[in-house]
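*Asks:* Take a look at the following structure, please.
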Amino acid sequence: MAKNIVTIGGSSSKNSINKMLAEYAGGLLKNATLTKVGLNEFEMPLFSVDLEKEKGFPKGAIELNEIIEKADGFIISLAEHNGAYSAAFKNAFDWLSRINGKVWRNKPMLLLSTSPGIRGGQSVLNIALDRFPFNGGNIVGSLPFPSFNENFIDGEIVNANLKANLQMLVDELEKAL
């Protein structure tokens, strides 16, 4: 039976390179159905404990939490904004952690990051590698994907080493499922 893998691009950009990378990686899985999450699809006000107390959890957070609950695993590619999570991802993460502190439910996860720069979002990836295990992140592999626009052309990875490294990590995720 095919596993349900949730792909998330950690950006609110309609043309998110991180969403592209997460979905590309998901497409490398042999026996999976992808649930492709776009953060723009889940409306959530800026997180506030006061707002939570007054109105409860927003509908978008509840819906995203239900998708996470049904997942067998995750491929998440994080956008780096000023060395950290994008505001959209951080806001969703904050709401989700209030619904269930173990956001990722200890399900297998491949954690990626990319950017147009040569470090490929390494700073935000380091933050997530440190933080996610406290929130139920069962990280089976991670990869910063540098210079996206030079290494990902017409929907394909053109750098042989990056392609091989990503395939190896996808294979590890598949084994963990």
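*Asks:* Looking at this structure, is Lys90 modelled with pLDDT under 95, under 26 Å from Gly121 (Cα atoms), out of contact with any strand residue (DSSP E or B) (no Cβ under 6 Å at 6 or more places or on another chain) and of a type outside the set (A, V, I, L, M, F, W, C)?
*Replies:* No: the conditions fail for Lys90.
*Asks:* Follow-up. Every residue in region 141-177 that is of a type in the set (Ser, Thr, Tyr) and part of a strand (DSSP E or B), please.
*Replies:* Ser142
*Asks:* Follow-up. Ser86 - would you say it is surrounded by 17 or more Cβ atoms within 10 Å (Cβ to Cβ) and not β-branched (Val, Ile, Thr)? Give the steps one after another, and end with the answer.
*Replies:* Values: surrounded by 17 or more Cβ atoms within 10 Å (Cβ to Cβ): yes; not β-branched (Val, Ile, Thr): yes.
So Ser86 passes the test.
*Asks:* Taking region 109-138 as the region of interest, how many residues are in contact with a Pro (Cβ under 7 Å, 6 or more places away or on another chain) and either modelled with pLDDT under 95 or outside any loop (DSSP other than H, G, I, E, B) (or both)?
*Replies:* 4
*Asks:* Still on this structure, I have one more. Kindly indicate the residue of region 134-156 that is under 16 Å from Ala176 (Cα atoms) and in contact with a strand residue (DSSP E or B) (Cβ under 7 Å, 6 or more places away or on another chain) and also surrounded by the most Cβ atoms within 10 Å (Cβ to Cβ) among those meeting that condition.
*Replies:* Gly137
*Asks:* Further, regarding this structure: Quick one: is Lys70 over 21 Å from Asn18 (Cβ atoms) and of a type outside the set (Phe, Trp, Tyr)?
*Replies:* yes
*Asks:* Further question on the same structure: Can you confirm whether region 106-120 contains a residue that is more than 19 Å from Met20 (Cβ to Cβ) and surrounded by fewer than 17 Cβ atoms within 10 Å (Cβ to Cβ)?
*Replies:* yes
*Asks:* Where residues in region 16-39 are of a type in the set (S, T, N, Q) and modelled with pLDDT of 95 or more, which of them is farthest from Phe132 (Cα to Cα)?
*Replies:* Per the stated criteria, the residue is Thr33.
*Asks:* Test each condition in (1) within 27 Å of Gln122 (Cβ to Cβ); (2) in contact with a Gly (Cβ under 6 Å, 6 or more places away or on another chain) for Tyr24 and report the one that comes out false.
*Replies:* Evaluating Tyr24 over (1) within 27 Å of Gln122 (Cβ to Cβ); (2) in contact with a Gly (Cβ under 6 Å, 6 or more places away or on another chain) leaves (2) as the failure.
*Asks:* Now for a different question. Residues Ile68, Ile76, Ile118: which one is under 13 Å from the mean Cα position of the chain (by Cα), under 23 Å from Asn151 (Cβ atoms) and not charged (D, E, K, R)? First the steps, then the outcome.
*Replies:* Numbers: Ile68 fails: under 23 Å from Asn151 (Cβ atoms); Ile118 fails: under 13 Å from the mean Cα position of the chain (by Cα).
The unique qualifying residue is Ile76.
*Asks:* Right, next: Name the single residue, out of those in region 83-92 being in contact (Cβ under 8 Å) with a residue 24 or more places away in the chain and not in a loop (DSSP other than H, G, I, E, B), that is nearest to the chain's Cα centre (by Cα). So that I can check it myself, show each step before the final result.
*Replies:* Restricting attention to region 83-92, the residues satisfying the condition of being in contact (Cβ under 8 Å) with a residue 24 or more places away in the chain are 83-89, 91-92.
After this cut, where a residue has to be not in a loop (DSSP other than H, G, I, E, B) as well, the list is 84, 87-89, 91-92.
On the way: Ala84: 14, Ala87: 14, Ala88: 12, Phe89: 9, Asn91: 14, Ala92: 11 Å.
Checked region 83-92; the qualifying residue nearest to the chain's Cα centre (by Cα) is Phe89.
The values are calculated or read from the model by the stated rules, or taken from the named source; none is laboratory data. Everything numeric in this text was worked out from a predicted model, so none of it was measured. Note that each Cβ is placed from the backbone with ideal geometry, even for glycine, and that neighbours are counted across all protein chains shown.
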